């Protein structure tokens with residue numbers, strides 16, 4: 001059987017680590033008792049049971065708080081049905097479905113809908129039973145508020161604990177990647193960079209023997225027929241199926257085998273770049289088809305977004321005008337020069353406009369050189385640090401970006417979107433970075449999906465482009481609201 005050699009036979013200086021043929025076999029790590037316990041508690045069925053128990057407790061507590069804060073009318077005993085009813089609706093909204101990455105903010109929407117519907121159902125039952133509207137209204141209002149707050153906080157706390165355990169490597173589900181072409185290697189690299197997904201790549205399965213694995217990549221453990229033995233040897237719980245060198249029927253048999261072994265299976269779509277939030281399933285008889293629709297920045301949805309941008313920016317300028325006046329005075333007193341700094345940036349469709357910021361340096365801001373070959377976006381401070389004391393504080397808090405609200409009112413920018421780059425860099429990146437030009441399909445933004453995911457300053461340009469295009473292709477008003485909420489902790493962390 002290929003690829004299941006004795007794990008102890010692997011040498012630290014094997015030929016694969018020197019760029020030779022693929023490695024086969026890797027030593028099995030021994031998990032500590034603490035890590036094993038947390039792994040069992042924070043993953044799979046125990047984790048879902050913990051979430052259900054937590055929600056049941058806070059829902060019951062919410063009913064108790066409602067009874068404490070409002071007089072109990074006749075028929076208040078109907079509140080006993082609220083916790084199980086809310087759990088049922090939470091389940092139907094997908095709250096208890098294990099996902100690769102549970103976002104902390106994902107606790108908000110399911111909880112609001114499920115608890116609101118449950119409270120309305122209890123309210124209607126009470127009216128049918130007693131016809132008492134006044135007292136039950138007060139009781140249900142307090143119960144709804146307490147239950148919603150409790151479910152949201154518990155969901156955020158448990159998700160935060162799981163994410164922290166994953167980032168520290170305490171919880172990591174052993175994962176096999178099927179196919180070690182460029183896409184498979186990319187999956188392994190992403191899992192390495194993002195431990196918060198809770199997956200640890202232990203190796204590849206593929207029938208190709210002519211590929212060369214980079215030294216940092218997981219080893220080749222065997223071909224597709226070795227899956228049962230590899231799963232047992234490495235305790236595999238997840239399988240990611242890419243594009244292996246295998247015929248169609250072998251792939252179908254592999255999916256069936258994964259199901260028989262009880263493995264969580266994810267399949268990479270071949271046309272992944274074309275998928276967006278408008279993609280949907282269609283059926284030709286029993287044959288599934290993916291209906292692909294390109295994002296249209298000229299649609300009424302983006303028109304609504306731009307209208308809301310201008311209204312919101314105008315309101316924010318009015319509310320923040322005292323703060324901006326104080327900052328203007330501080331900038332003026334900190335050093336000679338204009339209060340506002342203007343710099344040409346390339347926006348939607350490459351159109352150039354003057355981006356506004358509060359001046360943070362002595363002299364001319366923005367003399368940053370792009371370091372070609374490093375793959376890093378330009379940004380930050382290079383060479384002589386000419387920032388003023390006020391400028392350092394403005395940059396650390398990102399308050400220097402506030403004048404861009406004027407750009408939004410002018411229609412040159414959006415509140416949320418890809419960050420604009422200088423025209424000379426935009427032209428260079430268009431030639432050198434894949435899909436960079438696609439960022440210019442929409443208006444630039446003050447904050448964006450890339451920024452709240454840490455792609456600020458001198459970070460990977462390829463990652464930033466990928467995140468920006470993901471935002472464009474999955475845009476919705478709900479996603480914009482999510483980005484606004486995520487911007488708050490990003491600002492608190494500082495730039």
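The values are calculated or read from the model by the stated rules, or taken from the named source; none is laboratory data. None of these values were measured; they are calculated from a predicted model. Using ideal geometry, Cβ is built from the backbone for each residue, glycine included, and neighbour counts are taken over all protein chains shown.
Worth a mention:
- Spans of helices (runs of 4 or more DSSP H) in the stretch 407-495 with at least 3 residues within 15 Å of the chain's Cα centre (by Cα), over 15 Å from residue 345 (Cα atoms) and assigned by TED's automatic domain parsing to the domain that holds residue 193: none
- Among the candidates 226, 259, 245, residue that is surrounded by fewer than 17 Cβ atoms within 10 Å (Cβ to Cβ), in a helix (DSSP H, G or I), out of contact with any strand residue (DSSP E or B) (no Cβ under 6 Å at 6 or more places or on another chain) and not assigned by TED's automatic domain parsing to the domain that holds residue 409: 259
- Among the candidates 146, 188, residue that is outside the structural domain of residue 70 (by TED's automatic domain parsing), assigned to a helix (DSSP H, G or I) and buried (at least 19 other Cβ atoms within 10 Å of the Cβ): 188
- Among residues that are at pLDDT 85 or above and out of contact with any helix residue (DSSP H, G or I) (no Cβ under 6 Å at 6 or more places or on another chain), residue 382 is not included.
- The set of residues from the stretch 149-173 being over 19 Å from residue 485 (Cβ atoms) and surrounded by 21 or more Cβ atoms within 10 Å (Cβ to Cβ) comprises 150, 162, 165, 166, 171, 172.
- Residues located in the stretch 265-275, provided they are over 18 Å from residue 244 (Cβ atoms) and either assigned by TED's automatic domain parsing to the domain that holds residue 471 or in a strand (DSSP E or B) (or both): none
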